[in-house]
Amino acid sequence: MRTRRRVPVIALGVTAMFAPAFPAVASGQDVRPGATAAAPASAAQQLSWGSCDPNLPTTTVECATLTVPVDYRKPKGRTTELSVSRIKAADPAKRRGVLLFNPGGPGGPSLFYPLWMAETLPQSVKDRYDLIGFDPRGVATSSPLNCGTTTRNERLTFRPYTEATFAKDVAWAKDVAAKCRANNPDINHFTTRNTARDMDRIRAALGERRISYFGLSYGTYLGAVYTQMFPRRADRFVLDSAVDPKLVWRGMVQAWASEAEPAFDRWARWTAERATTYGLGNTPAEVKRTFYALVEQADRTPLDLGGHPYTGAEIRDWMRWDMYRPKLGAEFVVKLKDAAAGKPVEPNPPYVPTDNELSAYVAATCGDTQWPTDPAVYQADSRRDSARYPFFGDSVSNIVPCAFWKPPVEPTTVVNNKVPALIVQNEWDSQTPPVAARGLHRALKGSRYVLVDEGEGHGVYGRGISACAEDLTTRYLTTGRLPSKNVTCAVNAAPAPTADARASAPGAPQLPGPRQPFGGR
């Protein structure tokens, strides 16, 4: 575990003290520039439910389409369509309302996410809620954005900084931004604030006074923005693996580098202790030398991982995920070592985002907040962070298309409210580290924070990581009662298979890929 101020660990079987959730904030709805009030139920669209897919009967899940304004400041102007799904509450007599889902991104589809979550949600939750999925505006089946990128190199968002390649990186960033504008004239309106407004339109169309919500990763930021804009519409909000609203978005990306260093140290120690198993070194220093030697070799000549070439930069990017689960990281480096020796290895396909995933990602991250516009800022930061955080600092501070984006149409959302929420977080999370979860907890003053001590991976609820965290989350969703104080939970003695080891529901599109910036894995 990391050195930090500790609160007591609560293991399975120990009942936490609970306190009633605070009442919703009594302030007016969305009062920031460009805001619009929630549509009254009488004026809401009526959803026409039907089949989602021939392989998915409507008795399992049903889908509908909702039309919303592209620009909420012009409610009678251009529109865009959202795909919405519903799994009805299993016990109508116990039904409380609706539970919306977002699994991350930005750019992650969530139309069928409730089907996937239903595999692990307790029956008590499924009895009480209609499970509602939706593809956010511009994503997948919801009028998808398309920037027109065609190659993997175009879609490589995080590029290792070098003096020799920086001018090419600037040209790439400028080109992608120009393509996105040319192909999507309204792209500046595909932001998190407008997605939150879309969620409120979904609420109204469902005929609900309030919504409950489960958001993972980027979905925690979307949920937090909703609580700020529509505080009286928020019921029970679970925010899993959290984004710090004060760090969106460049600060969150740069946190990957600072947090990767202690994770890499931990992985090297773990692997050295198992030198006879993995053969990567007898000490942490030797293990690190083995890894960086493979990176240098791949930078000269990419390593063939079952027909898929990996450069040193791609190895570091992949390893940044795997090393947070040390066994996965060690197995990946063994495969690299075998490939470097010319041995055949099992295929390891690199993650290549689709054009839509890239397009939706840059639309939200560039449109939510103003990024530096001077390439010299990125160059200076990359030089600094290459030295401070050698594992990944050069990539996360390098230039991105947001440097050439139009200014945001609205100010960045300042999250500062007392709406109740439950934040759950693994200690060793590659994408949203605990420092970000603590930041969200400070912003949401009515929230409680549950940390899984030594918890590994991205995502807590439904992952079989901590029975304590599962129990606290389920109690909140079913009773509305938050823990009376923040809680540190223990990991399970023998973790169950995680949700990310299971396939999506038959006939449903696959969930977000494992390398999506702020998506579930």
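Here, each number is a calculation from the coordinates, and none is a lab measurement. All figures in this text were calculated on a predicted structure; none of them were measured in a lab. Cβ sites come from the backbone with ideal geometry, for glycine too, and all protein chains shown count toward neighbours.
Summary of computed values
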read-out	value
Calculated diffusion of the stretch 403-479, Stokes-Einstein form, Kirkwood radius summed over Cα pairs, 20 °C and 1.002 mPa s, µm²/s	153 µm²/s
Spherically averaged projected area in nm², based on the convex hull that wraps the Cα atoms of the stretch 84-165	7.7 nm²
Cα-Cα P(r), the chain, percent of pairs per 20 Å interval	23, 57, 20, 0
Separation between Cα centres of the stretch 414-471 and the stretch 49-121, rounded to whole Å	24 Å
Inter-probe distance in nm under a simple model that places probes 7 Å from Cα toward Cβ, at residue 181 and residue 341	5.3 nm
For the stretch 62-120, the Rg and Dmax computed from alpha carbons only, in angstrom	14.6, 42
Antiparallel bridge percentage (DSSP; both residues within the chain; nearest 5)	40 percent
Estimated FRET transfer efficiency when R0 is 25 angstrom, pair residue 71-residue 373 (beta carbons, to 0.05)	0.60
Equivalent ellipsoid, the stretch 304-372 (semi-axes from 5 times Cα gyration tensor eigenvalues, Å)	31, 14, 10
Residue 59/residue 352 FRET efficiency (R0 41 Å; Cβ-Cβ; nearest 0.05)	0.70
Amide H contacts under 5 Å for residue 135, placed H, 5+ residues apart	83, 110, 111
Additional length obtainable on full extension of the chain from residue 152 to residue 486, 0.36 nm per residue less Cα span	115.9 nm
Sorted by Cβ neighbour density within 10 Å, fewest at the top, the residues 288, 168, 76	76, 168, 288
Spin-label model distance (nm) - residue 88 vs residue 261, 7 Å beyond Cα toward Cβ	5.6 nm
Extended-chain gain in nm, criterion 0.36 nm per residue less alpha-carbon gap, residue 331 and residue 269	20.9 nm
Positive-end extreme of charge dipole, the chain - chosen from 188, 407, 450 (charges on Cβ)	450
Cα gyration tensor shape of the stretch 171-259, rounded if a/c is under 1.5, else prolate or oblate by comparing a/b with b/c	oblate
Alpha carbon centroid spacing (whole Å) that separates the stretch 212-232 from the stretch 293-355	36 Å
FRET efficiency for residue 81 and residue 164, using Cβ-Cβ distance with R0 set to 41 Å, rounded to 0.05	0.35
0 to 90° range, to nearest 10: angle between helix 434-443 axis and the chain longest Cα axis	30 degrees
Kirkwood hydrodynamic radius of the stretch 227-305, Cα pairs, Å	16.3 Å
Nearest 10 degrees, 0 to 90: helix 250-272 Cα axis against the chain principal axis	50 degrees
Cα long-axis angle, helix 166-183 against the chain (0 to 90 degrees, to the nearest 10)	30 degrees
Evaluated at q = 0.26, 0.27, 0.28 Å⁻¹: base-10 log I(q)/I(0), Debye formula over Cα of the stretch 209-262	-0.97, -1.02, -1.06
